1. With the Cα gyration tensor of the stretch 45-166 giving a ≥ b ≥ c as the square roots of its eigenvalues, does the rule (a/c under 1.5 for rounded; else a/b larger than b/c for prolate; else oblate) give rounded, prolate or oblate?
2. Using a 1.4 angstrom probe, figure out how much accessible area the chain has per residue, in square angstrom, rounded to the nearest whole.
3. Given Lys93/Lys165; Lys36/Lys56; Lys268/Lys344; Lys145/Lys257; Lys4/Lys36; Lys62/Lys84, which pairs have Cα atoms separated by over 23 Å?
4. How much of the accessible area of the chain, probe 1.4 Å, is carbon plus sulfur, in whole percent?
5. Given a Förster distance of 25 angstrom, what is the FRET efficiency for Met64 paired with Arg24, based on the Cβ-Cβ distance and rounded to 0.05?
6. Roll a 1.4 Å probe over the protein heavy atoms and report the accessible area of Val20 in Å², nearest 10.
7. How big is the gap, in Å, between the Cα center of the stretch 276-309 and the Cα center of the stretch 20-69?
8. Roughly what would the spin-label model give for Thr41 and Leu54, points 7 Å off Cα along C-beta, in nm?
Amino acid sequence: MRYKEPFTLYPRKISSGKTVWYYRTYDEYGVRTTGKSTGETNKTRARLYCLDLLKKDQLISKKMSFFSEYAEGWFEWDTCSYVKTRRVRGTEKHPGIKKSYAADLKNRLKRDILPSFQQYKLDKITPRIIENWVIKKRDDGLAPKNINNSLSVLRIMMEEAHKNKIIPSNPAELVQPLLVERKVRRVITLDEIRELFAKENMEKLWKNNIYYYTANLLAASTGMRQGEIRGLLKNHYFGDYALVEFSYGQFGFTTTKTNERRNVPIPKRTQIYIDMLCTQPWDYIFTMKGTVPIGSSKLTESLYSALELMGITEAERKERYITFHGWRHFFNTYCRSNNIADSKLQSVTGHKTQEMVENYTNFELSDVKEITELQNSMFVD
């Protein structure tokens, strides 16, 4: 049986009077394509040209997907090829990607990217289209940092399309991120902290809830992240220090943000209240039900409520950027302003780089003073 080539050749005269050979084929859906020039005036050379395209898998024009089609299934934990590739390159101690991070990427895709790009075919997304999207997001009031984070998601997706030869290049690579100005935080003052955690204010400010009170006290006096506090187990608490090995989030237990374990010293004042919580018959220290830790939103709301009752209004709190995570800023600033070596501070807070230590430091002139036994002198009863 004679071999039938997947293309047909035919001659066509062009405006110069020359005869050039064109070819037709069928796309992946069986539809005959429009004729394309080989650029050759000789049929044999035209045939060799088409065979070379066939060898390179470029003879048949593949139907280009819309972004909405391409985006289906992206960042799904068990099925997305990108996520699976990242996962297989990690270990239990040092995950290639965390479930919470994959969920964040998925949310950004759905919220910020898909509505703006779903109608475009992948090869029609240009750097200018992406630049216009960035401008539109900025005009809508989205913070530069959030825009940059979503841009990085688009960059990941388009780079994968480029690697898989769906598109010839990654247009997102040519779009520069926005400049992010560091927020000047007015960290909560030492006097405010002493009022907030004064024993006599337990009922007034914290409504006698020892869990909320102690969790915030622990964050203020150690700089531990909220997820690390929620995931703290009784067998990881040793009185004067705690072994921080896990974090607890929306998908349960995971490693710490840096994937490293560390020992965190606990001041005497904080120990008193943690010891009370450890009398409960649960593995978790910060739990009201025993089966799961206290909810993240509850801890944050308890802080905001206490601040409001103390006289720091919602408007002032937002203007000063006081959040639960802000306890890390306070602790970092407090220690550095009292001449604690950065190497020691990093070992306690878990910051990986000097840059992050700098980022979490918010000096004010009144903070730069000598204090001994910092943690134990933080609170005055």
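The values are calculated or read from the model by the stated rules, or taken from the named source; none is laboratory data. Since the structure is predicted, the reported quantities are computational estimates derived from the model, not experimental observations. Don't worry about glycine lacking a Cβ; one is built from the backbone with ideal geometry, like all the others, and counts go over all protein chains shown. Each accessible area value is taken on the protein alone, full model and side chains, heavy atoms only, with ligands, DNA and RNA left out. Shrake-Rupley method; radii C 1.70, N 1.55, O 1.52, S 1.80 Å.
1. It comes out oblate by the Cα gyration axes.
2. In whole numbers, the chain has 57 Å² accessible per residue.
3. Values: Lys93/Lys165 34 Å; Lys36/Lys56 17 Å; Lys268/Lys344 20 Å; Lys145/Lys257 19 Å; Lys4/Lys36 19 Å; Lys62/Lys84 26 Å.
Flagged as over cut-off: Lys93/Lys165; Lys62/Lys84.
4. Summing carbon and sulfur atoms, their accessible area is 51 percent of the total for the chain.
5. For Met64 and Arg24, the calculated efficiency is 0.85.
6. Here the accessible area works out near 10 Å².
7. The stretch 276-309 and the stretch 20-69 have Cα centres spaced 65 Å from each other.
8. Going by the 7 Å Cα→Cβ label model, 2.6 nm.
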